[in-house]
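Read-outs throughout are calculated quantities, based only on the coordinates presented, and are distinct from any laboratory measurement. This one's a predicted model, so the numbers in the text were calculated from it and none came from an experiment. Glycine also receives a Cβ, built like all others from the backbone with ideal geometry; neighbour counts cover every protein chain displayed.
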Amino acid sequence: MSSKSRSRAKQHAKPAARPAAPTLHVKDALLFAIVFGLGVVLFGIISVSLGQDNNWDLRNYHYYNPYAFLNNRLGFDIAPAQMQTYFNPVTDLLFYFLVNHVRPSWVGFIMGGLHGLSLGLVFMIAYLIFSGFKQWPRAGLSLLCALIGLYGPIFIGELGASQNDTIMSLFILGAVLLLLRHINRPNTTEGWKALIAPAAAGALIGFAAGLKDTSAIYAVGMAVAILFIEPTWKIRIRTLVVWGGGALVAFLIIRGHWLLTLNGHFGNPMFPYFNNIFHSPWTEQVSNADMRYMPANFVEALFRPFMYVVKNQFTLFSNDFRDARYAVLYVLLLALIVAWYIRRRKNRADKSHASDTLLDRSGFFLVIFFAVTYIVWQIQFSIIRYTSGLEALGPLLIVILIFALVRIRWLQGVLIAAAFLFIAVDMQALNHNRLERLPWTGKFWDVQTPRLEDPDHTIILIAGSRPWGYLMPFFPKGVRFVRVESNFTNPRSATRMQEEIRNVLGAHQGPMFLLTRPQYLQANNEVLNAYRLAAGQNAMPVYSKHEPNGLVLCPVSRKSS
């Protein structure tokens with residue numbers, strides 16, 4: 001191969017309009033502020049237009065848990081919000097505060113605006129990567145990537161609601177932005193300043209994992225990506241240790257108190273999860289992980305991204321959702337692997353010294369981070385709403401891969417437009433049969449409970465898996481709630497929790513009631529029979545606009561032997 005041909009090969013190996021070291025300037029600060037402001041206002045308004053949040057998790061534990069935490073009810077109530085009773089309550093303190101102190105529609109606007117901060121973060125990440133463009137095309141493409149990133153079933157389905165997946169995305173996207181800035185600085189391997197960005201990125205991931213366990217999948221993806229993008233093993237290990245240290249410190253700050261609390265009370269800091277490892281006597285010796293939505297086999301796992309293009313019921317909170325971004329990415333990643341292999345073989349055949357790399361460090365980092373996180377997610381959960389961070393970054397990664405694979409400018413534009421149009425037309429948000437919305441009214445919660453004669457000596461029982469934790473703050477604080485059957489315990493369980501339930505009910509001398517619906521009474525009595533109890537028919541109504549089928553309190557009496 002002639003030197004002239006080799007030079008031409010090297011020239012063609014560089015992606016169009018994407019230099020290797022993207023930079024940001026102070027003059028861009030105003031543009032960033034505008035985009036962040038746009039995200040807050042736009043998605044705040046859209047959130048209000050969608051209606052008041054009334055999703056299953058909110059009614060089950062998002063409101064009860066911070067109430068219980070602030071009123072020291074751990075150990076007083078027994079699993080009233082089922083296994084979710086024991087999730088980190090700090091995660092829901094902000095939403096709890098807003099519901100109690102702000103008008104309902106403003107709760108929706110503030111939460112929607114907070115979720116809308118993702119627009120600015122994805123925009124900044126894209127703007128950093130597309131530094132080879134002139135300012136306005138660069139800003140336009142970055143904004144387009146951010147808008148399509150947020151136009152997804154998770155973000156739209158949960159917008160302004162109490163699920164914390166999109167809140168966790170803020171930490172994850174912030175960590176990605178910091179690491180991209182780190183790997184593209186000229187002297188990133190020199191001095192103590194090189195440690196600031198990895199430590200801060202680790203802290204953001206640590207906060208996310210501490211607030212919500214499922215965010216730990218992003219920590220795995222980021223750790224692997226760090227090992228691939230640093231130039232030497234010495235720098236890789238140093239960066240990983242600093243990043244991991246920041247993550248651990250942040251995790252302990254946000255979660256340490258709750259780990260100690262659960263360990264002290266149950267002997268398992270992750271209670272009720274991973275009990276196959278910690279062996280707490282309070283629950284079964286199993287992991288308690290939700291495995292219902294895992295792929296049936298390897299072939300199904302391999303083709304899940306294409307199944308997401310059509311209506312499906314493959315993952316929790318996602319009946320009938322549709323999202324084409326993963327299928328598009330799948331095809332592009334396969335094409336990238338094939339292109340890399342062909343280039344590598346060609347370079348070896350003609351003994352060329354041209355680079356085999358089709359991606360710069362930023363693109364390579366995002367590909368590794370995205371792919372590893374997705375694989376870990378599918379192995380661990382396969383619950384689609386836990387991929388909120390990947391959903392936001394997906395369209396940006398699509399553009400990066402198209403730039404890597406195609407050198408003709410007009411064809412790049414056509415392929416990007418086609419991919420984004422396909423995603424936008426195909427998208428269907430998470431099914432609102434699970435993520436319910438209500439019209440905005442004068443109160444966020446409209447609950448009326450009956451008058452109890454002796455609340456300080458009253459126990460209210462719950463059987464079954466209905467999400468009624470939100471009702472408990474509206475009863476007098478002296479009322480004790482005991483769930484005798486739930487999504488992780490029942491009378492047949494030979495656990496310390498069942499022993500505690502039996503001891504509490506056996507020793508109780510005051511009034512007892514069953515919280516139920518009339519149509520559930522027969523099934524609930526079958527459960528109560530295991531405790532030698534029975535609920536009567538002389539019920540008192542419990543009003544809640546969130547329960548269209550009606551609720552009642554039925555008096556409970558002991559059965560004679």
(request) Round to the nearest 10 and give me the degree value, 0 to 90, for the angle of helix 325-349's Cα axis relative to the longest principal axis of the chain. (result) 30
(request) Counting other beta carbons within 10 Å of each Cβ, put Lys27, Lys545, Lys212 in order, fewest first. (result) Lys27, Lys545, Lys212
(request) Hey, for a label at Ala418 modelled as a point 7 Å past Cα toward Cβ, could you say which residues of the stretch 375-409 have their backbone N under 19 Å away? (result) 395-409
(message) So if I restrict to the alpha-carbon atoms in the stretch 447-558, what is the Rg, and what is Dmax, the biggest pairwise distance, in Å?
(response) 13.2, 37
(request) Order the peptides 397-408, 326-337 from the highest to the lowest mean number of other Cβ atoms within 10 Å of their residues. (result) 397-408, 326-337
(request) Kindly work out what percent of the DSSP beta bridges joining two residues of the chain are antiparallel, to the nearest 5. (result) 60
(request) Scan around Leu514 for amide H atoms under 5 Å from its own, H built in the peptide plane at 1.01 Å from N, and keep only partners 5 or more places away or cross-chain. (result) Leu461, Cys554, Val556
(message) Need one number: nm distance between label points at Lys134 and Ile45, each 7 Å from Cα along Cα→Cβ, rounded to one decimal.
(response) 3.0
(request) Note the listed values (i) 28.6; (ii) 25.1; (iii) 33.4, then indicate which one is mean projected area of the Cα convex hull in nm² calculated from this particular structure. (result) (i)
(request) At a temperature of 10 °C and a viscosity of 1.306 mPa s, determine how fast the stretch 399-493 diffuses translationally according to Stokes-Einstein, using the Kirkwood radius over alpha-carbon pairs as Rh; express D in µm²/s, rounded to the nearest whole number. (result) 82
(request) Could you state the angle between the C-alpha long axis of helix 104-115 and the longest principal axis of the C-alpha atoms of the chain, as a value from 0 to 90 degrees rounded to the nearest 10? (result) 30
(request) Please express the shape of the stretch 189-248 as an equivalent ellipsoid: the semi-axes are the square roots of 5 times the eigenvalues of the C-alpha gyration tensor, given largest first in whole angstrom. (result) 21, 13, 7
(message) Test of understanding: extend the Cα→C-beta vector of Asn529 to 7 Å, then name every residue of the stretch 491-521 with backbone N under 15 Å from that spot.
(response) 491-492, 521
(message) At 222 nm, what value in deg cm²/dmol follows for the chain if DSSP H runs of at least 4 each add -39500 (n - 2.57) and the sum is divided by all its residues, to the nearest 500?
(response) -17000 deg cm²/dmol
(request) For Ile408 and Arg502, compute 0.36 nm times the residue count separating them, minus their Cα-Cα distance, and round to one decimal in nm. (result) 26.6 nm
(message) Residues of the stretch 40-59 with backbone nitrogen within less than 20 Å of a virtual label 7 Å along the Cα-to-Cβ line of His265, please, listed as ranges.
(response) 57-59
(message) Compute the helix-to-body angle for 298-307: its Cα long axis versus the longest principal axis of the chain, expressed 0 to 90° and rounded to tens.
(response) 80
(request) Mind giving me the FRET efficiency for Arg437 and Ser560? R0 is 45 Å, r the Cβ-Cβ distance, nearest 0.05 is fine. (result) 0.40
(request) Evaluate E = 1/(1 + (r/R0)^6) for His279 and Trp56, where r is the Cβ-Cβ distance and R0 equals 30 Å; express this FRET efficiency to the nearest 0.05. (result) 0.50
